[in-house]
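Each remark here refers to the structure printed beneath this line.
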Amino acid sequence: MKKLFGTDGVRGVANVYPMTTEMAMQLGRAAAYIFKSSNKRRHRIVIGKDTRLSGYMLENAMMAGICSMGVDVLVVGPLPTPGIANITSSMRADAGVVISASHNPFQDNGIKFFSADGFKLPDEIELKIEKLIETNHIDSLRPTATEVGKAFRIDDAAGRYIVFLKNTFPQDMDLSGMKIVLDCANGAAYKVAPAVFRELGAEVVTLGVSPDGTNINAGCGSLHPEIISEAVKEHRADIGIALDGDADRVIVCDEFGKEVDGDHIMAICATDMLKRKVLKKKTLVTTVMSNMGLDIAIRNAGGKIVKTAVGDRYVVEEMRREGYNLGGEQSGHMIFLDHNTTGDGILSALQLLAVMRREEKPLSELATVMIPLPQVLVNTRVRERQDIMSIPEIAAQVHAVEEKLGNEGRVLIRYSGTEPLLRIMLEGKDTYEITAWANDIAALVKTHLGEK
């Protein structure tokens, strides 16, 4: 079992274990050791970050750790997570490092790695990094003189990424005549995202583009779609686009200010790709959290859905293993594998805009391709993680609810990957009924596993 790495790298409160400068240096040393191959060339690791205040200290600690192992560092500064994946691959670096806590508040931070091909590390490599730190195996490895690594700043990294993003938009289209409200969450995309949409010809109303180190995700971005909703109505825009702190996910709203989540975006893009015969194996990859309405929409369009555990890394692993090219999560992580190796909020928005241009229809009309089933989520704090279905009273209640739902709904119960929570999710035709049933299950969970 991994101790440091969670579902998306190492994460926690900055300057508190494990997100300390000491740990950042150790992670840098261990990663440099692993990613050095046997040939004689100089090795290079890319480091990028979001706009958090703590990014400065962690960036410098990572640089020191990597250079102390004889590996050079390419510093790109604030850049979206998918941009760092792209730069890592395009510059033929040995690995990439992202210093970001994504949608978390500013006091948190995180460290995650990409391999040379731009994909997130598999569990076995993260375990190797942890073992090197735990065993002190590389403490005695100290290159000296000219063998010590150097650090280089890549001043044109943002420009490279902007060009890459624009090239994912159809060459015979532009965004002229379109008004976009864009919320960058005071995060890593605050410079890049406005430039992309403006250079493609759109009129852009920007929000969340004044980071000060402490306001990332604060009342803005994809966690607060109500902000773009109001702005779209105020400015009579065609679409609202909200990114999170590291811009690897996106939530949008239509011209009336109605939220369009990741499931709807995938339904629109997947049906378009089916129509153009470019959706590989006619298959969309989603997680178990996606609404059943998405299954119905894709099935009606002649495609099928494959579901994975929650987490974009599991979606990507399934896509790579089976040769699929579109997948994602309801939360707005979407992977267009023909273009990039990880979730990319700006790229996803561009693909959605391309469908709007191609179909010459407003987003509100395109979104009707999917009719979501009512969905209820109840979170219950627990004192321990026990197999729910091993508790007879809870198992009996779950089975009873499943029988009542039949083929017109479902029950999904899972533990949170980061908190002591049990998530109870129900889908069905009647919101009142499924809410009552979810609360019944939650009450039993509190009785048996709740905090004392």
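Couple of notes before you dig in:
- In this label model, residue 306 and residue 448 are separated by 3.3 nm, measuring between points 7 Å along each Cα→Cβ vector.
- Cα gyration tensor shape for the range 248-316, rounded if a/c is under 1.5, else prolate or oblate: oblate
- Close amide H contacts of residue 73 (hydrogens built in the peptide plane, cut-off under 5 Å, sequence separation of 5 or more or a different chain): 45, 150, 151, 152.
- Debye intensity ratio in log₁₀ form over the Cα atoms of the range 302-452, taken at each q of 0.11, 0.12, 0.14 Å⁻¹: -0.59, -0.69, -0.88
- Normalised contact order of the chain, rounded percent, pairs of Cα under 8 Å and 6 or more residues apart: 12 percent
- All lysines inside 18 Å of residue 429 as judged from Cα atoms, apart from same-chain residues fewer than 8 positions distant: 404
- For the peptides 292-299, 16-23, 260-267, the ranking by mean Cβ contacts within 10 Å, running from highest to lowest, is 260-267, 292-299, 16-23.
- Surface composition of the chain: carbon plus sulfur atoms contribute 51% of the solvent-accessible area (1.4 Å probe, protein chains only, all chains present).
- Placing +1 on each Lys and Arg Cβ and -1 on each Asp and Glu Cβ, with no other charges, gives the range 148-231 a dipole about its Cα centre of roughly 380 debye.
- Per-residue Karplus couplings for the range 273-279, computed as 6.51 cos²θ - 1.76 cosθ + 1.60 with θ equal to phi - 60°, are listed in order as 5, 5, 5, 8, 6, 10, 7 Hz, Gly and Pro entered as x.
- Placing +1 on the Cβ of every Lys and Arg and -1 on the Cβ of every Asp and Glu, with no other charges, gives the chain a dipole of roughly 1420 debye about its Cα centre.
- Label point distance in nm, residue 16-residue 439, each placed 7 Å from Cα along Cα→Cβ: 3.3 nm
- Fraction of beta bridges assigned by DSSP in the chain that are antiparallel (%, nearest 5): 55 percent
- Shape category assigned to the range 262-377 from the gyration tensor of Cα positions, a/c cut at 1.5: rounded
- Extension reserve of the residue 275-residue 57 stretch, reckoned as 0.36 nm per residue once the Cα distance is removed: 73.6 nm
- Modelled label reach - residue 396, point 7 Å along Cα→Cβ, the range 425-444 residues with backbone N closer than 17 Å: 440-444
- Taking all Cα pairs closer than 8 Å and separated by 6 or more residues, the relative contact order of the range 254-327 comes to 33 percent.
- Selection from 184, 65, 413 lying farthest towards where the dipole of the chain points positive, charges on Cβ: 65
- Gyration tensor verdict on the chain (Cα atoms; rounded if a/c is under 1.5, prolate if a/b is larger than b/c, oblate otherwise): oblate
- Diffusion constant of the range 339-396 at 10 °C, which comes from Stokes-Einstein with the Kirkwood Cα-pair radius and 1.306 mPa s, µm²/s: 98 µm²/s
- Relative contact order computed over the range 1-155 (Cα-Cα under 8 Å; 6+ residues apart), in percent: 30 percent
- Relative packing of 427-433, 149-155, which averages over residues the other C-beta atoms within 10 Å, highest first: 427-433, 149-155
- From the C-alpha gyration tensor of the range 189-332, square roots of 5λ in Å: 29, 17, 14
- Under 27 Å from residue 280, Cα to Cα: lysines that are on another chain or at least 8 residues apart: 120, 166, 304, 307, 361
The values are calculated or read from the model by the stated rules, or taken from the named source; none is laboratory data. Every value quoted in this text rests on a predicted model; they were computed, and no experiment measured them. Counting neighbours? That spans all protein chains shown, and the Cβs are built from the backbone with ideal geometry, glycine included. Just so you know, the surface numbers come from the protein's heavy atoms only, side chains and all, with ligands and any DNA or RNA stripped out. Shrake-Rupley method; radii C 1.70, N 1.55, O 1.52, S 1.80 Å.
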